[in-house]
Amino acid sequence: MLQGKGLFEKFGKEYSPGQMIFCEFEQGNDFYLIQNGRVKIAKIVKDKEKTMDILEPGDIFGEMAILEEQPRSASAVAVDQVEVLHFNRENFVSLMTSQPQMAFKLLLIFARRIYDARRRLMILLLDDIQSKVADVFLMLSEKEPNYDQLKEIVLKVTLDDISHWCGEPIEKVDQVVSHWAKIGKIDLYPDKLMVHNLNDLRRLVNSKRK
């Protein structure tokens with residue numbers, strides 16, 4: 001994570017709990033890197049607000065608007081007292097020129113966040129909750145270097161995490177996960193779960209993907 005008193009003095013902003021950082025559909029040409037606190041990313045899906053993610057220190061948000069020059073695709077709200085580094089095209093160019101090593105680290109984070117945002121949107125675009133939960137498990141499994149050969153995997157994930165990522169109420173997610181545990185598709189533990197057959201999940205998601 002990029003840190004330093006000089007950086008925050010030059011690029012820093014603070015937000016109070018509950019304060020809106022930006023709204024879905026508004027124009028934007030800047031992005032943010034969280035230094036302290038958490039930020040909720042929410043999106044309107046089928047006329048309802050869905051929490052897409054809860055971001056933590058080290059995460060970037062708002063980057064899609066500056067890359068695509070399109071309105072914001074989601075809203076960002078401070079969950080806690082939040083400190084961010086705030087960048088736009090002008091000051092980012094200045095950072096790259098004056099501190100290239102730091103800018104390179106930021107670009108790596110930037111690229112990872114773009115991939116994560118697009119991957120999570122793919123989950124939200126699925127129509128039914130079972131395929132959404134399955135795709136969350138696949139998304140987490142894809143981080144493994146030998147993903148294509150994996151059949152079983154242990155995922156350190158909670159119901160809250162799954163609910164956030166698939167944009168569905170935790171009660172509905174619990175129903176799906178409990179059913180899969182009952183029929184032996186997964187094993188449940190307090191802070192993790194084991195998926196027994198990733199190929200089953202791949203087939204389910206592929207059949208539902210439009």
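The values are calculated or read from the model by the stated rules, or taken from the named source; none is laboratory data. Computed from a predicted structure; not experimentally measured. Reconstructed Cβ throughout: ideal geometry from the backbone, glycine too, with neighbour counts over all protein chains shown.
The table that follows gives values for the structure above.
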{"item": "Test for Ile123: is it of a type in the set (A, V, I, L, M, F, W, C) and buried (at least 16 other Cβ atoms within 10 Å of the Cβ)", "result": "yes"}
{"item": "Residue match in segment 107-119 (condition: among the small types (Gly, Ala, Ser), without any contact (Cβ under 8 Å) to a residue 60 or more places away in the chain, part of a helix (DSSP H, G or I) and not assigned by TED's automatic domain parsing to the domain that holds Glu9)", "result": "no"}
{"item": "Close pairs from segment 194-209: first farther than 19 Å from Lys156 by Cβ, partner polar (S, T, N, Q), Cβ under 6 Å, at least 6 apart", "result": "Leu204/Ser131; Val205/Ser131; Lys208/Ser131"}
{"item": "Only one of Leu55, Leu33 that is without any contact (Cβ under 8 Å) to a residue 60 or more places away in the chain, of a type outside the set (Val, Ile, Thr), in contact with a Phe, Trp or Tyr (Cβ under 9 Å, 6 or more places away or on another chain) and not assigned by TED's automatic domain parsing to the domain that holds Asp160", "result": "Leu55"}
{"item": "Test: residue in segment 161-178 that is among the β-branched types (Val, Ile, Thr) and without any contact (Cβ under 8 Å) to a residue 40 or more places away in the chain", "result": "yes"}
{"item": "Odd one out for Glu26 among (1) charged (D, E, K, R); (2) under 18 Å from the mean Cα position of the chain (by Cα); (3) surrounded by fewer than 19 Cβ atoms within 10 Å (Cβ to Cβ); (4) not in a helix (DSSP H, G or I)", "result": "(2)"}
{"item": "Criterion (farther than 26 Å from Arg72 by Cβ and not small (Gly, Ala, Ser)) met by exactly one of Val195, Val136", "result": "Val195"}
{"item": "Which numbered condition Glu168 misses (of (1) among the charged types (D, E, K, R); (2) within 18 Å of Ile41 (Cβ to Cβ); (3) exposed (fewer than 14 other Cβ atoms within 10 Å of the Cβ); (4) not assigned by TED's automatic domain parsing to the domain that holds Gly58)", "result": "(3)"}
{"item": "Yes/no for Glu144 being assigned by TED's automatic domain parsing to the domain that holds Glu168, of a type in the set (Asp, Glu) and without any contact (Cβ under 8 Å) to a residue 12 or more places away in the chain", "result": "yes"}
{"item": "Criterion (surrounded by fewer than 16 Cβ atoms within 10 Å (Cβ to Cβ) and modelled with pLDDT under 85) met by exactly one of Lys46, Lys13, Lys50", "result": "Lys46"}
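A quick yes/no check of all residues on (1) under 16 Å from Thr51 (Cβ atoms); (2) not in a strand (DSSP E or B):
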{"position": "Pro145", "(1), (2)": "no, yes"}
{"position": "Lys151", "(1), (2)": "no, yes"}
{"position": "His164", "(1), (2)": "yes, yes"}
{"position": "Glu168", "(1), (2)": "yes, yes"}
{"position": "Ser178", "(1), (2)": "no, yes"}
{"position": "Ala181", "(1), (2)": "no, yes"}
{"position": "Gly184", "(1), (2)": "no, yes"}
{"position": "Asp187", "(1), (2)": "no, no"}
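Residue-wise test of (1) β-branched (Val, Ile, Thr); (2) at pLDDT below 90.
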residue	(1), (2)
Arg113	no, yes
Ile129	yes, no
Ser141	no, no
Pro145	no, yes
